[in-house]
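For reference, the structure discussed in these notes is given below.
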Amino acid sequence: MTPELRALLELTNPWLGDPVAAQRAARRRIPENLLPRAAAPGLAAALEDRRHAHLVIGPRQAGKSTLVWSLLSARPQPLLFLNCEETLIRQWCSSPALFVGDLVEWLPEDGVVFLEEAQWLDEAGLFLKGLVDAQTGRRIVVTGSSSYHLLARTRESLAGRATRHALWPLSLREIVPASDSSPAAFRRARREAMERQLLVGGYPEVWTSQRAESVLQELLTAFVLRDASDRFRIERPDAFRLLLRLIAGQVGDVASFSEWSHILGIAVSTVSDYVALLEETHLVRRVRPFIGGKRAELTQAPRFYFLDNGLRNLLVGGLTPIDERADLGKLMENWVASELHKRYSEPGEVRSWRTTGGAEMDFVLEPRQGVLVGIEVKARTGGSLKITRSMHSFIEAYQPRRMLLVHRGEPERQGVAGTEVLAVPAELLPEALDDLSELGSE
């Protein structure tokens, strides 16, 4: 170990040798307005396991480190914190064997190794594999804002060696959880939060800030200039930024890589690479078509949504109030896509449907094997439930158990050819999704 590395470790871990001081340091890193996160109980339970690494994956500034610090603050314990953006730390982590040999000096066996932003490591998966296989007795927790190393390239090497915990921008339920207040007060609080989410999204710092647009701009700049240009070496940052704006303006539309290629002046393969990077860094999500075997279905072109409404809105002009926007329909659809992603985050769990005749369903879920649910999103706020032509087409084709019409109105229920059709107020979407898990279990 070099003197420079030793000095860095002492500087960034002033609590070494004092578990109580480590606990105090963790508490100082927790914001006063900390909101409970749904991932916290699962990660807390996982951290008792010393045989695996525990990965916390999600976009930049989603609160991953804050979540880990909040759990570390619960009790005194030896701690070694490593910021993997530091060159000296990356060099140290290039050899699991050398790292494990040094670890004995720096951390007692009952301690925690906390690796922050591990996607900066050249071979994160191989390093963590070696660290886990050494069975040092130390608990290992890792955060990463990109799946580039921590998932895509390491899934095989970490098979059976790691638990994975996704942390996204705040969901509606995390902002306003269920409470003992009256139903009317609960819905009012949820509605206010939902309408603010439509504009500013759910990044924790944005949500709690009085300058939401400035914080969003800082976040977007950090991603485009620092991550894309510096870390991922994007050759055409101008085209990359324009691609972000194109996707933001076309959320929910059928995507055409060849059209984007023509507009951007880059090859289709480059467009594909840029889109993959946006997915890997959790800015956008691809929703593929539902393929049910009907001849008239469009089965190739996907749709794209932003994981966060705030970033999407910033790219198309700013945070103009809801009642002044011409794109409220896209805001609603993107918000529903974001809420679905936070619950169904595996590729292919959320799909869309469209036929050559123009019938389409915004989202299709299969919450249980063989049980289909269609979801349509409308920005309207009043009127009775109207079964659209597209909803009729989907019902005729697949006889789904349930259809959801997510809107800004009141709840309503109809039966159509054996399908239960529910008009769901957007603020009650989390509870409506809860109910889907019971379909087909009777």
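The values are calculated or read from the model by the stated rules, or taken from the named source; none is laboratory data. Because the structure is predicted, anything quoted here is derived from the model rather than measured. Cβ atoms come from the backbone with ideal geometry, glycine included; neighbour counts cover every protein chain shown.
Worth pointing out:
- Yes/no for S272 being in the same structural domain as A193 (by TED's automatic domain parsing), part of a helix (DSSP H, G or I) and without any contact (Cβ under 8 Å) to a residue 12 or more places away in the chain: no
- G374 among the small types (G, A, S), assigned by TED's automatic domain parsing to the domain that holds V254, touching a Pro at 6+ places or on another chain (Cβ under 7 Å) and not in a loop (DSSP other than H, G, I, E, B): yes
- Residue match in segment 79-94 (condition: at positive phi and either in the same structural domain as P204 (by TED's automatic domain parsing) or touching a Pro at 6+ places or on another chain (Cβ under 9 Å) (or both)): no
- Screening segment 209-227 for residues that are of a type outside the set (D, E) and modelled with pLDDT of 90 or more and picking the one that is surrounded by the most Cβ atoms within 10 Å (Cβ to Cβ) gives L216.
- Pair list, Cβ under 6 Å, 6 or more apart: segment 358-382 residue more than 19 Å from R303 (Cα to Cα), other residue in a strand (DSSP E or B) and modelled with pLDDT under 90: L372/E366
- Boolean, R50 is part of a loop (DSSP other than H, G, I, E, B) and within 28 Å of W106 (Cα to Cα): yes
- Enumeration of residues in segment 283-319 that are at pLDDT below 90, of a type in the set (V, I, T) and either within 24 Å of L243 (Cα to Cα) or surrounded by 18 or more Cβ atoms within 10 Å (Cβ to Cβ) (or both): T299
- Residues of segment 44-58 that turn out to be more than 18 Å from Q135 (Cβ to Cβ), small (G, A, S) and touching a helix residue (DSSP H, G or I) at 6+ places or on another chain (Cβ under 7 Å), as a count: 2
- In this structure, E4 does not satisfy being without any contact (Cβ under 8 Å) to a residue 24 or more places away in the chain, farther than 28 Å from V176 by Cβ and part of a helix (DSSP H, G or I).
- Filter pass, I234 being part of a helix (DSSP H, G or I), touching a residue at least 40 places away in the same chain (Cβ under 8 Å) and not acidic (D, E): no
- Flag for L278 being modelled with pLDDT of 95 or more and not in a loop (DSSP other than H, G, I, E, B): no
- Residue in segment 424-434 that is crowded, with 22+ Cβ neighbours inside 10 Å, touching a strand residue (DSSP E or B) at 6+ places or on another chain (Cβ under 6 Å) and more than 26 Å from M194 (Cα to Cα) present: no
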